Amino acid sequence: MRPLAERFDSDAALRSARSRGESLDQLLDRNLNELLQELRVAITGVQILFAFLLGLAFTARFSSLDRFEVSVYTITLMATALATIVLIAPVSFHRLVFRRRQKGALIMVGDRLLLLGLGLLVVAISCAVLLIVDVVLGRQQGVAAGGLIAVAGILIWYGLPVWARQAGVGLAPDADEEDLDQEG
């Protein structure tokens, strides 16, 4: 397995920076700011769900849950706890590589952790919906609702961006292509 430093594609980063009229440091700063904004959104959602789940176990109705519902609750709680750890991990990573000129590594690791955390969040949200709808409307409706949310989360959070990336939707032209268009 190659070390992380070898996997950071500095050539691609430099091309991206130049195409936007930025230095590599400016590109990394901008990428880090964008990553932090995305993490803030995800962490807020996972914190709200986690607080709800922690309180749920101490309600009077919790003792009336059947084995399936307790299992779904446990899976939801664990997925939410893991999502919390994974989404907060870039903060710890940043502290440990701070002022060591490893911002590229921070962005790469933070990006992967954000994708993993969002995947765990899809599981947590889907299971939470399954549990709530199961208790309120019944097992079939709960499974259907949880499944619908899982499919929607996967398609919207992963499928749509992957499709857009592969199809080149909204792709900005390279700086060289723009120069040629302006000259011609």
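The values are calculated or read from the model by the stated rules, or taken from the named source; none is laboratory data. This one's a predicted model, so the numbers in the text were calculated from it and none came from an experiment. Note that each Cβ is placed from the backbone with ideal geometry, even for glycine, and that neighbours are counted across all protein chains shown. Quick note on the areas: whole protein, heavy atoms, side chains included, nothing else; ligands and nucleic acids left out. Shrake-Rupley method; radii C 1.70, N 1.55, O 1.52, S 1.80 Å.
Residue-level analysis places Ala81 among those that are at pLDDT 90 or above, open to solvent by less than 40 Å² (accessible area, probe 1.4 Å) and assigned to a helix (DSSP H, G or I).
Can you confirm whether Gln140 is surrounded by fewer than 18 Cβ atoms within 10 Å (Cβ to Cβ), polar (S, T, N, Q), modelled with pLDDT under 90 and out of contact with any Asp or Glu (no Cβ under 8 Å at 6 or more places or on another chain)? Spelling it out, it is not the case that Gln140 is surrounded by fewer than 18 Cβ atoms within 10 Å (Cβ to Cβ), polar (S, T, N, Q), modelled with pLDDT under 90 and out of contact with any Asp or Glu (no Cβ under 8 Å at 6 or more places or on another chain). Residues in segment 37-78 that are of a type in the set (Asp, Glu) and either assigned to a helix (DSSP H, G or I) or touching a Ser or Thr at 6+ places or on another chain (Cβ under 7 Å) (or both): Glu38, Glu69.
A Cβ distance below 9 Å, combined with a sequence gap of six or more or placement on separate chains, defines the contacts here; from segment 125-149, residues that are free of Cβ contacts under 8 Å to residues at least 12 places away in the same chain and among the polar types (S, T, N, Q) reach residues that are part of a helix (DSSP H, G or I) and open to solvent by 20 Å² or more (accessible area, probe 1.4 Å) in the pairs Gln141/Val133. Considering segment 94-116 alone, what residues qualify as being basic (Lys, Arg) and outside any loop (DSSP other than H, G, I, E, B)? Once the filter is applied, which keeps residues that are basic (Lys, Arg) and outside any loop (DSSP other than H, G, I, E, B), segment 94-116 yields Arg95, Lys103, Arg112. Here is the figure for segment 84-118: residues that are free of Cβ contacts under 8 Å to residues at least 12 places away in the same chain and open to solvent by less than 60 Å² (accessible area, probe 1.4 Å) total 1.
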